[in-house]
Amino acid sequence: MGFNVAIDGPAGAGKSTIAKLVAAEEGLVYVDTGAMYRGLAVYFLGLGISAEETDRLAAACREVTMEIGYAGSVQQVYVNGENITGRLREESVGNMASRCAAVPAVRECLLDLQRRLAKTQNVIMDGRDIGTCVLPQADLKIFLTASVETRARRRYLELKEKGVACDLEEIAADIRERDERDSTRKTAPLKQAADAVLIDSSDLSIEEVVAVIASLCREKRKTPN
């Protein structure tokens, strides 16, 4: 089994950014599980299926194929042979992914792929339930969070840089709603694993967070199993 690092946390905490940088520094394969759910969300939206149509979601999962590839170090998501990576950050896709992730059939669709990757490679995987459900035996577990205000401001600045019209209060309200939905869903809710290291990045730079996690990785690798 590979060396596995699990990073969980709420939307906008910087999990993907941090995980990618730690992966590069520590020689790990970065697996963005959120991108996998977003990939399915693109597929569901294309079929005109809503998150409430659980039977249709389950049926669609039986018909879909998903593959993960890499262009250099950048993860690419292929759904039924089509590279849909360019659509993954759309707001409608993110909201759909959050909703359909609560559907057991959707989670089961991706769980096997995620675990197979972790068994064969040294990976760092981020999401909502990696340390609690997907990789409960991970060598290192991190719960990365930040205040709603900090996460909303980061997202606001990101969208403004892209020239997207947005409202800070609306973004904050959306984050609060997503936090509530993710933490109260019946299937694999967002929560900190008992043995996870809590890191609040509200007052930390990206470089500081990466340094902390990279140091924890090195310590774990030195510790005999």
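With the structure loaded, tell me whether residue 59 is closer than 24 Å to residue 116 by Cα, at pLDDT 90 or above and touching a helix residue (DSSP H, G or I) at 6+ places or on another chain (Cβ under 7 Å) or whether it fails that test.
no
Among 144, 135, 216, which is surrounded by 14 or more Cβ atoms within 10 Å (Cβ to Cβ), touching a Leu at 6+ places or on another chain (Cβ under 8 Å), not small (Gly, Ala, Ser) and not assigned by TED's automatic domain parsing to the domain that holds residue 104?
When all the criteria are applied, what remains is 216.
Matching residues to (1) in contact (Cβ under 8 Å) with a residue 12 or more places away in the chain; (2) outside the structural domain of residue 10 (by TED's automatic domain parsing); (3) aliphatic (A, V, I, L, M); (4) in contact with a Gly (Cβ under 9 Å, 6 or more places away or on another chain):
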{"residue": "47", "(1), (2), (3), (4)": "yes, yes, yes, no"}
{"residue": "77", "(1), (2), (3), (4)": "yes, yes, yes, yes"}
{"residue": "82", "(1), (2), (3), (4)": "no, yes, no, no"}
{"residue": "92", "(1), (2), (3), (4)": "yes, yes, no, no"}
{"residue": "98", "(1), (2), (3), (4)": "yes, yes, no, no"}
{"residue": "103", "(1), (2), (3), (4)": "yes, yes, yes, no"}
{"residue": "111", "(1), (2), (3), (4)": "yes, yes, yes, no"}
{"residue": "115", "(1), (2), (3), (4)": "yes, yes, no, no"}
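If you scan region 133-154, which residues turn out to be part of a helix (DSSP H, G or I) and either more than 23 Å from residue 6 (Cα to Cα) or among the hydrophobic types (A, V, I, L, M, F, W, C) (or both)?
Once the filter is applied, which keeps residues that are part of a helix (DSSP H, G or I) and either more than 23 Å from residue 6 (Cα to Cα) or among the hydrophobic types (A, V, I, L, M, F, W, C) (or both), region 133-154 yields 133, 134, 148, 149, 152, 153.
Would you confirm, using the coordinates I've provided, whether residue 3 is over 21 Å from residue 88 (Cβ atoms) and of a type in the set (Phe, Trp, Tyr)?
yes
Please pick out the residue among 5, 42, 74 that is within 17 Å of the chain's Cα centre (by Cα), β-branched (Val, Ile, Thr), at pLDDT 90 or above and closer than 30 Å to residue 218 by Cβ.
5
Just one of 217, 166 is touching a Phe, Trp or Tyr at 6+ places or on another chain (Cβ under 9 Å) and closer than 19 Å to residue 18 by Cβ; which is it?
Every option except 217 fails the conditions.
I'm checking my understanding of the structure. Among residues of region 172-211 that are among the β-branched types (Val, Ile, Thr) and closer than 19 Å to residue 12 by Cβ, which one is surrounded by the fewest Cβ atoms within 10 Å (Cβ to Cβ)?
The selected residue is 184.
Take residue 152 and tell me if it is in the same structural domain as residue 37 (by TED's automatic domain parsing), modelled with pLDDT of 90 or more and farther than 30 Å from residue 218 by Cα.
Taking the combined requirement at face value, the residue does not satisfy it.
Taking only pairs six or more apart or across chains, which ones have beta-carbon atoms under 6 Å, a first residue in region 16-32 that is closer than 9 Å to residue 125 by Cβ, and a second residue that is surrounded by fewer than 20 Cβ atoms within 10 Å (Cβ to Cβ) and of a type in the set (Ser, Thr, Tyr)?
From region 16-32, the pairs are 32/16.
The values are calculated or read from the model by the stated rules, or taken from the named source; none is laboratory data. Just so it is clear, the structure is predicted and the values come from calculations on it, not from any experiment. Because the Cβ atoms are built from the backbone with ideal geometry, glycine has one as well, and the counts that use them run over all protein chains shown.
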